[in-house]
Every structure is written in C-alpha cells, then in structure tokens.
Amino acid sequence: MKYAVQVNASPYASNAGLNAYRFIQAALAAEHQILRVFFYKEGIYHAFRYANPPDDELSITQHWSALAEQYGLDLVVCISAAQRRGLLCADEAVRQDKQDDDTAPGFRIAGLGQWLEATLLADRSIVFG
C-alpha cells in the first residue's frame, strides 16, 4: 500500500503529529510505502530546526529528521504556511535577505502541488490534525 500523509496540527497543541509519526513507523514496519509527508497549516512547526522542548518531553522534530534519514522519507513543508509563520529554508532566507535556514534536517519547503501529486499517486491519503 502507498500512503500520502498530511500533518496539520502543531506538535505543541495536539498529538496529531505524534500519531502520524507512529502510523508511519508502523506502516514502514509492515513494508508499506510512504510517498510523502506534507506539513500544512500549524503542522509546519514540526520542521523548525531550533525547536527545543524541555528534557522530559519528546523532541518530535528530531524524531522526524531521524525517520527521514533512516527511510529516505520526503518531508515537505507547505511554502505558504511556512512563510506566514516565519519558517525559511536556505534559498528563501537568501531571497528575503535573512540570515538563517530554520528547517530541520530532512525537511524541505515546497508548494501545495507536492501534496496533490502525492495524493494522486497514493492508494490512501491520511490527514492528521
């Protein structure tokens, strides 16, 4: 089975992102394919490089980055949602004359068309949050 997964909720306001992460782990363990994980609306907060939760809390951003590295997952952040919330990739930071790349390892910023493409290629699309 091929899945496209969308995450719409902030990691600090909901368990939706953690549920998506666990679903993806289970799907990969069952040898399903994850075509793309698309972070939209408040879900873009999963991609902030400098998120630093307290030591007794899970760092979901680090977990996403590790999962992407381990399985070659395509973690895509909606460019419009990211710009509205101040999340910039290296290219966009240069274009806007900013100093930093805020995206965590394994994440990339792209348009909503990437989500549409994934849904067209997937057997199932699942939205969390």
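Among the GluC sites (Glu not before Pro) in region 40-106, those located in a DSSP loop and surrounded by at most 10 other Cβ atoms within 10 Å of their own Cβ are GLU57.
The order of PHE23, PHE38, PHE128 by accessible area, most exposed first and with a 1.4 Å probe, is PHE23, PHE128, PHE38.
Taking only DSSP H segments of four or more residues, each worth -39500 (n - 2.57), what value at 222 nm results for the chain once the sum is divided by all its residues, to the nearest 500 deg cm²/dmol?
Helix-only estimate at 222 nm: -11000 deg cm²/dmol.
Close amide H partners of VAL7, meaning residues 5 or more places away or on another chain with modelled amide H under 5 Å apart, are PHE38, PHE39, TYR40, PHE128. Antiparallel beta bridges, as assigned by DSSP with both residues in region 2-127, represent about 5 percent of the total such bridges. Solvent-accessible area of LEU28, all protein chains in place: 30 Å² (probe radius 1.4 Å, heavy atoms, ligands and nucleic acids excluded). Of the listed residues TYR12, TYR21, the order by accessible area with a 1.4 Å probe, largest first, is TYR12, TYR21. The convex hull around the C-alpha trace of the chain, projected and averaged over every direction, spans 7.6 square nanometres. Remark: relative contact order (the chain) = 37 percent; criterion is Cα-Cα distance under 8 angstrom and separation of 6 or more residues. Share of carbon and sulfur in the accessible area of the chain stands at 46%, probe radius 1.4 Å. In terms of packing, defined here as the mean over residues of other Cβ atoms within 10 angstrom, the peptides 84-91, 46-53 line up highest first as 46-53, 84-91.
The values are calculated or read from the model by the stated rules, or taken from the named source; none is laboratory data. This is a predicted model, so every value here is computed, not measured. Counting neighbours? That spans all protein chains shown, and the Cβs are built from the backbone with ideal geometry, glycine included. When the accessible area is computed, the model is the full protein with side chains, heavy atoms only, and any ligands, DNA or RNA have been set aside. Shrake-Rupley method; radii C 1.70, N 1.55, O 1.52, S 1.80 Å.
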